[in-house]
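Every number in this text was worked out from the coordinates using simple rules, so none of it is lab data. What you are looking at is a predicted structure, and each value in this text was computed from that prediction instead of being measured. Heads up, the Cβs are rebuilt from the backbone with ideal geometry, glycines too, and the neighbour counts pull from every protein chain shown.
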Amino acid sequence: MITVFAALAPVFALIVLGHVLSRRDFPAPGFWPMAERLTYYVLFPALLVDRLSRLDAPGGELWRMTVALVLAVLAVFALLLMIRRRAAPDGAAFTSVVQGAIRPNTYVGLSAAAALLGPSGLSLSAVALMTLIPLVNLLCVASLGRWGQRIGGPAKVSVLLELAKNPLILSCVAGFALNQSGLALPQIAAETLRVLGNASLPLGLLAVGAGLSPRSVVRSLRPTAVSSAVKLLVLPLLTALLCSLFGVEGEAMAVAVIFTAVPVSVSSFILARQMGGDHVLMAGIITAQTAAAALTMPLILILLATLFPGLP
């Protein structure tokens, strides 16, 4: 439990710092929107290309873990579609509920997996990332293209066009293509991507904090509660059940559960603002889940370790 708290503490601290800096208009009033765009279009794509290009291809039990993760996310997405009108007051808010329910915070996931499982946890995390990042981005961008609100009115841009030009999806495709081709980037290019990627998470967290409203959680309590309950409880428990059914055990199950039990990703706020989602609600969901996950993650892992003795 202490390890999970240690993984979450810097995330929440940076969000708070970003909010404090923004309230004081530091470093300048127009800085934070530009920081969001830099993170969304440059830094986070660099992180994805860097990590995906260096993954080891999964095999055996890892393929079954991949199937379990895909089915769990698709099942939750289908559930949200069925309760769409009850879960959120409008389309833009629903897109934030969707993101909050399925998008994982890779920083928390990698930190927790490494702390709990060591180097093997990081290797398994790579498989989880390669599975979840493209799938979740496809579903989230499709939702934003269908229900998102642009400045001046509803979005009319084709969902397929949004998917084709989305920098997160393009970076996943590029990283996976490099991984499968067996080609290695020149050392200078690889190191440049690594440095840019390392900057994405702290700046993204600060940008989230800059967009927070202290009242955002209470003002949109129902969609925040629905999204958080699905993300922090339903999705990890469903993932564990599917892993058990497919014969995924031990560390592989633990990593699958960790990456579905973590709070929503920082990039969801940036994606919501860039594509017409309810970014204020998204900020509230991020804040609520980041705080709640400090309790729900250890409880979920303790519960599953009791039900499945082979779980680390």
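Long hydrophobic helices in the chain, taken as whole DSSP H segments with a C-alpha length of 30 Å or more on their own axis and mean Kyte-Doolittle hydropathy at least 1.0: 2-23, 61-82, 119-147, 187-210, 279-307.
Quick note on the chain: its Rg to Rh ratio, both from C-alpha atoms and Rh being the Kirkwood radius, is 0.95. Over all other residues within a Cβ to Cβ distance under 15 Å of VAL76, the charged ones net out to +3, with Lys and Arg as +1 and Asp and Glu as -1.
Among the trypsin sites (Lys or Arg not before Pro) within segment 169-278, those in coil by DSSP and having at most 15 neighbouring Cβ atoms inside 10 Å are ARG215. Charge dipole of the chain (Cα centre as origin; +1 on each Lys and Arg Cβ, -1 on each Asp and Glu Cβ, all else neutral): 980 debye, rounded to the nearest 20. Given R0 = 35 Å, the distance between the Cβ atoms of LEU71 and ARG24 translates into a calculated FRET efficiency of 0.15.
Taking 7 Å steps out from each Cα toward its Cβ at LEU161 and ILE302 produces label points 5.2 nm apart. Taken over segment 19-121, the alpha-carbon convex hull comes to 171 cubic angstrom per residue. In a Debye calculation with equal point scatterers on the alpha-carbon sites of segment 164-264 and no solvent, what is log10 I(q)/I(0) at q = 0.22, 0.23, 0.24 Å⁻¹? Reported log10 I(q)/I(0), two decimals: -1.12, -1.13, -1.14. Were the residues from ARG85 through ARG37 laid out at 0.36 nm apart, the gain over their Cα-Cα distance would be 14.2 nm.
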